[in-house]
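This report concerns only the one structure given below.
The values are calculated or read from the model by the stated rules, or taken from the named source; none is laboratory data. All values reported here derive from a predicted model rather than from experimental measurement. Cβ atoms come from the backbone with ideal geometry, glycine included; neighbour counts cover every protein chain shown. What goes into the accessible areas is simple: the full protein's heavy atoms, side chains included, and nothing from ligands, DNA or RNA. Shrake-Rupley method; radii C 1.70, N 1.55, O 1.52, S 1.80 Å.
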Amino acid sequence: MSEYIIKPGIGLNEICFGATMDDCRDYFGQPEEELKEEFEGEEYISWYYDEGEMVLCFEGSENFRLGTVIINNKNATLDNEKIMGKSLDEIKKYLKKNNYVGVEETVEEDPSSAMRIINVDDLECNFMFTHDILDGVQWSYLWEDDETPRWPTIQ
């Protein structure tokens, strides 16, 4: 796949959060690897594509519908702009310009890892940096309230 259009709260390219595994397989093809995990009592299935540059995560509690996407491909775009490789400061300026709230920056406890994450509640999104350079984005669907997912549809 050559195009990765990040749509916070909505999905990736033409696939929306809430899509079935069959819908995702029809659109993206067969994953190169599938991993089944359990975390805090929740079952997940993760599909890895393009040697790990894209991961689709399906949540057991939501009937294994698409719940999270992780991208670390250099061709990923956000608002029609390639974002991988941008600096921490550039992403902070982007978030401030768009008036996103709930922005929280964390630094990994191991200083040698040089990892930073900016979490944006408004977008249900994490921007992941190594040595202050963006090298990954993880995002999910939005919420109506604490218990009700807001499943999107492509307009």
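Yes/no per residue for (1) over 23 Å from residue 24 (Cα atoms); (2) part of a helix (DSSP H, G or I); (3) open to solvent by 40 Å² or more (accessible area, probe 1.4 Å); (4) in contact with a Leu (Cβ under 6 Å, 6 or more places away or on another chain):
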residue	(1), (2), (3), (4)
69	no, no, no, yes
74	no, no, yes, no
140	no, no, no, no
147	yes, no, yes, no
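Residues being of a type in the set (Val, Ile, Thr) and under 10 Å from residue 137 (Cβ atoms): count how many of those fall in the range 72-102.
Of the residues in the range 72-102, 2 are of a type in the set (Val, Ile, Thr) and under 10 Å from residue 137 (Cβ atoms).
To keep it simple, each residue is scored yes or no on (1) over 24 Å from residue 55 (Cα atoms); (2) of a type outside the set (Asp, Glu); (3) at pLDDT 90 or above.
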position	(1), (2), (3)
108	no, no, no
115	no, yes, no
138	no, yes, yes
146	yes, no, no
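So, in the range 89-114, of the ones that are under 17 Å from the mean Cα position of the chain (by Cα) and among the hydrophobic types (A, V, I, L, M, F, W, C), which residue ends up farthest from residue 4 (Cα to Cα)?
My answer is 103.
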